[in-house]
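Trainee: Dropping a structure here in structure tokens format, bear with me for questions.
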Amino acid sequence: MESNAIETQETTECPDHHKDFCWCFKNATANWRKERRDRSVAAITKMLDTHKVNYEESNVPNVVLVKADGLPDIFLSLVKEDSSAPYKIREVGTNDWTTIKRPDFIHLYGGRKKKAKAPEKVRIGFGKYAGKNVGEVLEENPLYLLWALRSGYCTLPLTEAINAALSKPENAAKVEAAAAEEDAAEVHLMPFGKYRGQPLKDVFVKDPGYFEWLMTKEITRPLRRSIENYLPASE
């Protein structure tokens, strides 16, 4: 509806009956951008109030100063390009703006804390276990959680949940058992890549440099140990 209104102003409602670009169209576009900016300011302000974030106005329009105990003071922009974009923040005393996802911002600076979930109940939002919680992955593939921590995909709440879960003795024992089982496993077929499914000995004959390249990557310990059997011992 907004685009139609702009088009009408450009072609038929212009007092001077302009058919091409005119100031009427420019003003309509400016009004639309202002309305979008105002909606963003209202939405973020509502979020701050809902989660009882401690903030105050700054000397920059549409930017507020956010404070939280134990954390550096930050400037928060109230303007976003769209509702799904992350928030733009800048630490006081610096010049560089960075971004932060909405859940992480609320977790860090929100004053009204929700009842904490048991770490095993926190859900994973990416990868082959997306939608499952930490406890379910602990039962199926404990070592995946260690990979997830290194992957850079975890949000701050998920990182804290995984660390909390793995700190429990019974869960740490599951990880140790899985690691021991992996160490004892023997790898005979290439599990991934362009030679997936082919015997390691055949891959070595065809492309010994591929094994040398793999040794520079993050691979499982059984595969690394099996590859080492084909490479000359280092002096």
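Only the coordinates and a few stated rules stand behind these numbers; no lab work does. Quick caveat: nothing in here was measured; it's all calculated off a predicted structure. Using ideal geometry, Cβ is built from the backbone for each residue, glycine included, and neighbour counts are taken over all protein chains shown.
Trainee: Calculate the tail of P(r) for region 175-217: the fraction of all Cα-Cα distances greater than 11 Å, expressed in %.
Mentor: 71
Trainee: Over all pairs of distinct alpha carbons, what does the Kirkwood formula give as the hydrodynamic radius of region 119-184, in Å?
Mentor: 11.7
Trainee: Related question: Considering amide H positions built from the backbone, and no H for Pro or chain starts, which residues 5 or more places from Thr99, or on another chain, come under 5 Å of its amide H?
Mentor: Sorted by chain and number, the residues that satisfy this are Ile89.
Trainee: Which of the three applies to region 85-226, rounded, prolate or oblate, going by the alpha-carbon gyration tensor with a ≥ b ≥ c and a/c under 1.5 meaning rounded?
Mentor: Oblate shape, in that a/c is at least 1.5 and b/c is the bigger or equal ratio.
Trainee: Okay, moving on. When you take every Cα atom in region 24-101, what is the radius of gyration, and what is Dmax, the widest Cα pair distance, in Å?
Mentor: That works out to 13.9, 51 Å for Rg and Dmax.
Trainee: Taking amide H positions as placed in the peptide plane 1.01 Å from N, state which residues far from Val122 in sequence (5 or more) or on other chains have amide H under 5 Å from it.
Mentor: When sequence neighbours closer than 5 places are left aside, the close amide H contacts are Val134, Gly135.
Trainee: Next question, about the same structure. Go through region 50-64 residue by residue and turn each phi into a ³J(HN,Hα) via Karplus (6.51, -1.76, 1.60, θ = phi - 60°); whole Hz please, and just put x for glycine and proline.
Mentor: Rounded to whole hertz, the list is 4, 9, 6, 6, 7, 9, 8, 5, 10, 8, 10, x, 6, 9, 10.
Trainee: Moving to a separate point now. How about region 110-214: which GluC sites (Glu not before Pro) there are in a DSSP loop, with at most 10 other Cβ atoms within 10 Å of their Cβ?
Mentor: Glu186
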